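Structure first, then comments.
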Amino acid sequence: MRRRMLLVALAAMVAALAADENAYDIGKDLGEESFWKSDPVLFVKRHEKQGFQFTSGSREGADTRLDGAVVFHGTPVYETKVSFGEAGGISRVELMLFATAGTEREEIISTGDGHKLRRRVRTDKTISRDEFVQMMKDVRDKLTPSGAKSPEMETDRVAKPNVVQKSQTWPKTAIPTVAKLTWNYTQKGNRKDTFEPGFVRLAVDGPDRLAAGGKRAGIGLANAAKGAKKIVDNVIHDPRGDVFIDNVPMVDQGQKGYCAVATSERVLRYYGVDVDEHEIAQAAGSSAETGTSTRGMKDSVQAIGKKYKLGTVVTYGDFEKPTNERIEGLVKEVANYNKAAKKLKKKEIAESVYVRHQGNMTIFSPAAVDEAMDAEVLRDMKVNGAQRSKFTRFLKDVHDQVNKGIPLFWGVTLGTYPEPDIPQARGGHMRLIIGYNDKKKEVIYTDSWGAGHELKRMPAEWAWTISHCLMYMKPLR
């Protein structure tokens, strides 16, 4: 056993060294015209050793989190995202040079029998203020031509106290590209001893994207603000009965508990907003282990949406209810469930399952209720019982927003019904509803887990049964 552990450790060291030797310095290529004309398939094939994979079946982009795989003029890159244009070629490159919020990396480990395993690992990482400042200087030196002044810094608005976020933009050069460096950190006033690094992100737009006015694939805020025509153009009506929203970018949350954060990034990017999941996660107080609280995510989405002239509308959920009302709602839900269970001759939920007394305190556990519920009883309660009217409203909300081209944030509880080939078996999860099929009585949705999760479907009754919140962001008039 000890010998095997030693061999695995040695293989990991060899793999790490190989990754360093194969490191791709993308900084050198950003100044080459041929780079921006790269064929998407050939680019991914050429950089397989660096872990690049398409993020979706439509090949709209590729990314890698492979440890030590990509560098920017020698500065290691934690995560690299490459966007491809509709006619081929590279339109945009995003480099996450540093991120503390839920840092996750990929490793390739040799098994010793000629096979290689790819795995993602979480690493809590931080750097000192001096190291943070030095990283920023190194990047600026590479972006600023010799003898020229570094661009002025702009201060961005953020939703969290004591968080400072700034950016700098380097305009077009000989090859028409625009580079934007964005970073943030937490610090109380001028007290350097309270400094905590946030993230450093470099985004470079290529010639094709600049020629298109700097907009991403998707509707773009400029069009969204003018009215609904362009948004509606994204709605596809399939002869088989599918009605769904096209052009919603894929973001792979990986193994992080970033479903709500990644979902927010997808919607914001659909609206043409340059934002990153790490930026949203910090504003929302998210971590890779705990994900985001439902209330915290709603508050963060509202704050970020407001910054980009997007309003947040909650159609279902108890975000605003005080604790006592939510407890009353839980007790009422159990009573309705037990009524349905009695009708179907199924086991009822005893109070002792979700209520416990600790001294003078009474503690209620919604999670324990979710765990104890039978899928058949729960469906009957929500579809045929006390929540029938809410089910009808749920379907109407889905129809109304999808028909306008507006995706819906859909909070669900996994594990009630079988969902094959998903990386999360149970618990709370946030996904997007992007369509429906009335003929088949289905809801069409998408998960932020990369290729293979772009467009999926579920019986509408099941979808409502596992729902715990529904909301959407829309351009403000």
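The values are calculated or read from the model by the stated rules, or taken from the named source; none is laboratory data. These numbers were taken from a predicted model, which means no experiment stands behind them. Note: ideal-geometry Cβ built from the backbone for every residue, glycine included; neighbour counts use all protein chains shown. Keep in mind that these areas ignore ligands, DNA and RNA; they rest on the heavy atoms of the full protein, side chains included. Shrake-Rupley method; radii C 1.70, N 1.55, O 1.52, S 1.80 Å.
Using the structure shown, decide if K298 is under 18 Å from R431 (Cβ atoms), in contact with a Gly (Cβ under 6 Å, 6 or more places away or on another chain), of a type outside the set (A, V, I, L, M, F, W, C) and modelled with pLDDT under 85.
Values: under 18 Å from R431 (Cβ atoms): yes; in contact with a Gly (Cβ under 6 Å, 6 or more places away or on another chain): no; of a type outside the set (A, V, I, L, M, F, W, C): yes; modelled with pLDDT under 85: yes.
The answer is no for K298.
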Inset, instruction - Could you check, for the stretch 420-438, whether at least one of its residues is surrounded by fewer than 22 Cβ atoms within 10 Å (Cβ to Cβ), within 16 Å of M458 (Cα to Cα) and touching a Lys or Arg at 6+ places or on another chain (Cβ under 6 Å)? - result: no
Inset, instruction - Kindly indicate whether any position in the stretch 169-188 is in a loop (DSSP other than H, G, I, E, B), of a type outside the set (A, V, I, L, M) and at pLDDT 90 or above. - result: no
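Please find, within the stretch 360-371, the residue that is nearest to I327 (Cα to Cα) out of those that are in contact (Cβ under 8 Å) with a residue 24 or more places away in the chain and part of a helix (DSSP H, G or I).
At the first step, the residues of the stretch 360-371 found to be in contact (Cβ under 8 Å) with a residue 24 or more places away in the chain are 364, 366, 369-370.
Next, from what is left, pick out any that are part of a helix (DSSP H, G or I): 366, 369-370.
On the way: P366: 9, V369: 12, D370: 14 Å.
The residue in question is P366.
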Inset, instruction - Filter the stretch 303-328 down to residues that are at pLDDT 70 or above, surrounded by 18 or more Cβ atoms within 10 Å (Cβ to Cβ) and more than 21 Å from R393 (Cβ to Cβ), then give me how many there are. - result: 2
Inset, instruction - Considering each residue of the stretch 337-359, count those that are part of a loop (DSSP other than H, G, I, E, B) and either surrounded by 10 or more Cβ atoms within 10 Å (Cβ to Cβ) or under 37 Å from the mean Cα position of the chain (by Cα) (or both), and give that number. - result: 6
Inset, instruction - Could you tell me which numbered condition Q165 fails, if it satisfies all but one of (1) touching a Leu at 6+ places or on another chain (Cβ under 9 Å); (2) of a type outside the set (S, T, Y); (3) buried (at least 18 other Cβ atoms within 10 Å of the Cβ)? - result: (1)
Legend entry - Pair list, Cβ under 8 Å, 6 or more apart: the stretch 314-339 residue free of Cβ contacts under 8 Å to residues at least 40 places away in the same chain, other residue open to solvent by less than 70 Å² (accessible area, probe 1.4 Å) and of a type in the set (S, T, Y): L330/Y354; V334/Y354
Inset, instruction - Specify the residue that is modelled with the lowest pLDDT; the eligible residues are those in the stretch 266-287 that are surrounded by 20 or more Cβ atoms within 10 Å (Cβ to Cβ) and closer than 18 Å to Y78 by Cα. - result: Q282
Inset, instruction - With the checklist (1) in contact with a helix residue (DSSP H, G or I) (Cβ under 9 Å, 6 or more places away or on another chain); (2) at positive phi; (3) of a type outside the set (A, V, I, L, M, F, W, C) in hand, flag the one item D421 doesn't pass. - result: (1)
Inset, instruction - List every residue pair whose Cβ atoms lie under 7 Å apart, where the two residues are 6 or more positions apart in sequence or sit on different chains, the first residue falls within the stretch 416-431 and is over 19 Å from V261 (Cα atoms), and the second residue, located anywhere, is open to solvent by 70 Å² or more (accessible area, probe 1.4 Å) and modelled with pLDDT of 85 or more. - result: Y417/W462
Legend entry - Per-region count, the stretch 137-161, residues more than 25 Å from L210 (Cβ to Cβ) and either surrounded by 13 or more Cβ atoms within 10 Å (Cβ to Cβ) or at pLDDT 90 or above (or both): 5
